[in-house]
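Shown next, in structure tokens, is the structure this report addresses.
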Amino acid sequence: QSGYIQARRRLPESLQVRCIGATFHRAMNKQLFRQASRGMQVYADVCRRRPERWLAVDDDYLNWPVFTRDQLVRTDEHLGISAPQVLSELKTKLAEVFG
């Protein structure tokens, strides 16, 4: 199974249903994908899917385009979203973005 599916299964059901897919797909050029910063990988996915609103949850925060940083919830490198400050930020941003 893909890393996306495994990661999604670790989330509470209320968050699982909000997940829409992985940033990499087999049809993509793996070398070009790996050369891009994580922020650009995510932004390219946003451009491809064209959602009205979006949030990214990731522990990689370096080199994200400035205009995307408000959509990033940075996770704790050891505790993930279970870190109290991360969980609080995620809940706040979900409420702001998705009502």
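The values are calculated or read from the model by the stated rules, or taken from the named source; none is laboratory data. Values in this document were obtained by computation on a predicted structure and should not be read as measured data. Here the Cβ is made from the backbone with ideal geometry for all residues, glycine too, and neighbour counts use every protein chain on show. These area figures cover heavy atoms from the full protein model, side chains too; ligands, DNA and RNA do not enter into them. Shrake-Rupley method; radii C 1.70, N 1.55, O 1.52, S 1.80 Å.
Count of region 45-75 residues, restricted to those that are open to solvent by 50 Å² or more (accessible area, probe 1.4 Å) and either among the small types (Gly, Ala, Ser) or closer than 17 Å to TYR4 by Cα (or both), is 4.
For a quick check of your reading of the model, give me the residue pairs whose first member lies in region 78-96 and is of a type in the set (D, E, K, R), whose second is modelled with pLDDT under 95 and surrounded by 12 or more Cβ atoms within 10 Å (Cβ to Cβ), with beta-carbon atoms closer than 7 Å and at least 6 apart or on different chains. These pairs meet every condition: LYS93/LEU55.
Just one residue in the set ARG18, ARG26 is loosely packed, with under 10 Cβ neighbours inside 10 Å and either within 17 Å of VAL73 (Cα to Cα) or at pLDDT below 90 (or both); that residue is ARG26. Listed by first and then second residue, the pairs linking a residue in region 1-14 that is closer than 19 Å to SER82 by Cα to a residue that is assigned to a helix (DSSP H, G or I), with Cβ atoms under 7 Å apart and 6 or more places separating them unless they lie on different chains, are ARG8/GLN16. Of all residues in region 29-44, those being in contact with a Pro (Cβ under 9 Å, 6 or more places away or on another chain) and surrounded by fewer than 16 Cβ atoms within 10 Å (Cβ to Cβ) number 1.
Under 20 Å from ARG18 (Cβ atoms) and in a helix (DSSP H, G or I): does that describe VAL42? So VAL42 passes the test. In region 55-99, of all residues being part of a strand (DSSP E or B) and not acidic (Asp, Glu), the one that is farthest from the chain's Cα centre (by Cα) corresponds to GLY80.
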